[in-house]
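Chemist: Below is one structure. I have some questions about it.
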Amino acid sequence: MDHRDLVRVSKRMSLALRHRPDLFQLTLDGAGWVPVADLLAALRITRADLDAVVAGNDKQRFAVVRGSDGVDRIRASQGHSVPVDLGLAPATPPDRLFHGTSAAVLPAIRAEGLRRARRHHVHLSPDEETARRVGARRSDAVVILTIDAAAMSANGYPFYRSANGVWLTDTVPPAYLTAPAG
């Protein structure tokens, strides 16, 4: 499978496992898992295709486990807009986290902070490079925001860390954000 095919299948997997399982006649369990065989049938892909996407995804968007019943299951690591409980425990974040975004939305973020919108959490990166890559998916004019995660945590805002290293929180009020001048 070439790179374009990997990206296409990854996007379909994200749609099925994060946002619209109903479009594929899939039913996620309470934690977001679905049997691998069900996903393969729904997307009409092979196990080799799925394994290539999971292994080749630099952000580790998907997790595959074998259940005690011997059935392989898959879920998205985070980013769901459908109800799921990922079972993440609160974690102490590093002092600073980062968020890459479009310059076009910077005025709204300065006024309202970062909000989760239709997702379960706001996604934050542990370093500027990752934040830049994430922000570049939606815009050429990427702005990197710095989040004072230590102060947020000290003030009672919970943080969670997904299995693939993405930091999650419910909101980031403007007082905890530093954005480039402009």
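The values are calculated or read from the model by the stated rules, or taken from the named source; none is laboratory data. Note that the coordinates shown come from a computational prediction; the quantities given were computed from them, not determined experimentally. We place every Cβ from the backbone using ideal geometry, glycine too, and count neighbours over all the protein chains shown.
Chemist: In the stretch 100-146, which residue that is assigned to a helix (DSSP H, G or I) and under 14 Å from the mean Cα position of the chain (by Cα) is surrounded by the most Cβ atoms within 10 Å (Cβ to Cβ)?
Modeler: Initially, the stretch 100-146 is screened for residues assigned to a helix (DSSP H, G or I), giving 103-112, 128-136.
Still in the running and under 14 Å from the mean Cα position of the chain (by Cα): 130-131, 133-135.
Values: Thr130: 17, Ala131: 24, Arg133: 15, Val134: 20, Gly135: 22.
So the residue we want is Ala131.
Chemist: When the residues of the stretch 1-60 are filtered to those that are surrounded by 14 or more Cβ atoms within 10 Å (Cβ to Cβ) and of a type in the set (Ser, Thr, Tyr), which remaining residue is nearest to Arg75 (Cα to Cα)?
Modeler: Per the criteria, the residue is Ser14.
Chemist: Condition check: modelled with pLDDT of 95 or more and touching a helix residue (DSSP H, G or I) at 6+ places or on another chain (Cβ under 7 Å). Does Pro158 satisfy that?
Modeler: It is false that Pro158 is modelled with pLDDT of 95 or more and touching a helix residue (DSSP H, G or I) at 6+ places or on another chain (Cβ under 7 Å).
Chemist: What is the one condition in (1) among the aliphatic types (A, V, I, L, M); (2) part of a loop (DSSP other than H, G, I, E, B); (3) modelled with pLDDT under 90 that Ala55 does not satisfy?
Modeler: (2)
Chemist: Just one of Arg18, Arg12, Arg75 is touching a residue at least 24 places away in the same chain (Cβ under 8 Å), among the charged types (D, E, K, R), closer than 25 Å to Ala117 by Cβ and not in a helix (DSSP H, G or I); which is it? I'd like the intermediate steps shown before the answer.
Modeler: On the way: Arg18 fails: not in a helix (DSSP H, G or I); Arg12 fails: not in a helix (DSSP H, G or I).
After applying the criteria, what remains is Arg75.
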